[in-house]
Amino acid sequence: MSGVDYLFLDSGTGGLPYMMELKKLLPQASCVYVGDTIHFPYGEREIEDIRQLSIELTARCTEKFNPKVIVIACNTISVSSLDVLRKNFSVPFVGTVPAIKLAASLTKNNCIGLLATRHTVNDSYTEDLIAKFAKNCTVVRRGDAELVSFIEHNLFTASYEERCNAVTPAVNFFRQHGADSIVLACTHFIHLQNEFQDVAGNQIQVIDSRDGVARQAVRVLSELKKEKPELFDSTESVPVDKAVYVTGLRSKQDEAEYRSWCARSNVPFMGCLEASSIH
Ligand code: DGL
């Protein structure tokens, strides 16, 4: 099969807004999305486990979709495993890491809230980002596995009020600590960007990395076109664009979530990567 331009990977629904952002910048690019739902949540796992799972997922998807560029639309995988992925695969990767640099340039009181998975808030990569880009700031951290789980399992079938209630504990936490900005450093949270901003009000700025990641993904593909034009020679068309796959569905509710988001976003839901992974 002729390769897709971009393969987006996450543990679940988190990377979907990143794929949509890329499509806004590059509508003609062919994209495939895979959520490793059977191993969700990555953020609660040990680092060695995350590294191993992301290598296995990348190997499986690379073989199936032959992508030109892989976007790791997951902060947890990016901070823990980008180095090992780059060592193991020759495909160029674009990572998604906490937008600390952007937050440090926007904060007025030098107090930044970092909202991520438990793994990301404690990872040494995050530590390095803070030391490099926000050394004059206080960075208040919160790992919020409960909110990640709500988004993966209930978000798209939840009401606006339920969604606002879900983000309120995190917003209150950062407000109490005096943060004037909140970095959404788990891709799942991007689905609630509006609710975060509504609950936070105009004294707190909600920041995410979507734009930066999508622009970097565009740059990487265009450089690849110059370096390896032969990769772009094929006249075969890619079968389904923006196809969304999962590695397994644990419940009818999870299936309803994916179907609901895909229908709303006008994106084809392809179900499980391999039929045998339906649990
Ligand atoms: N979406 C992922 C991230 O950006 C993590 C969700 C999970 O815990 O699996 O970190």
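The values are calculated or read from the model by the stated rules, or taken from the named source; none is laboratory data. Here the structure is a predicted model, which is why all the values come from computation and not from measurement. When we count neighbours, we look across all protein chains shown, and the Cβ atoms used for this are built from the backbone with ideal geometry, even at glycine. Calculation scope for accessible area: heavy atoms of the full protein, side chains included, ligands and nucleic acids excluded. Shrake-Rupley method; radii C 1.70, N 1.55, O 1.52, S 1.80 Å.
Remarks
- Anisotropy class of segment 1-114 from Cα gyration tensor, a/c 1.5 cut: oblate
- Debye intensity ratio in log₁₀ form over the Cα atoms of the chain, taken at each q of 0.06, 0.14 Å⁻¹: -0.17, -0.98
- Cα centroid separation, segment 87-140 to segment 163-240: 13 Å.
- Straight-distance crosslink candidates among lysines, where the alpha carbon sits under 20 Å from K226 and sequence neighbours closer than 8 are dropped: K68
- Net charge of the neighbourhood of L22, taken over other residues with C-beta under 12 Å away and scored Lys/Arg +1, Asp/Glu -1, is +2.
- Neighbours of C186, meaning other residues whose beta-carbon lies under 15 angstrom from its beta-carbon, give a summed charge of -4 when Lys and Arg score +1 and Asp and Glu score -1.
- On segment 112-230, 45 percent of the accessible area sits on carbon and sulfur atoms, based on a 1.4 Å probe.
- Neighbours of Y33, meaning other residues whose beta-carbon lies under 13 angstrom from its beta-carbon, give a summed charge of -2 when Lys and Arg score +1 and Asp and Glu score -1.
- Largest GNM mean-square fluctuation across D49, D123, D144, computed for the chain with C-alpha springs under 10 Å, falls on D49.
- Computed from the Kirkwood radius of its Cα pairs, the Stokes-Einstein diffusion coefficient for segment 48-188 at 25 °C and 0.890 mPa s stands at 150 µm²/s.
- For segment 103-242: relative contact order, % (alpha-carbon pairs under 8 angstrom, 6 or more apart): 26 percent
- GNM on the chain, alpha-carbon springs under 10 angstrom: the most fluctuating residue among E255, E46, E195 is E46.
- Rounded if a/c under 1.5, otherwise prolate or oblate - segment 158-254, Cα gyration tensor axes: oblate
- Rolling a 1.4 Å probe over the protein heavy atoms gives segment 61-199 an accessible area of 41 Å² per residue.
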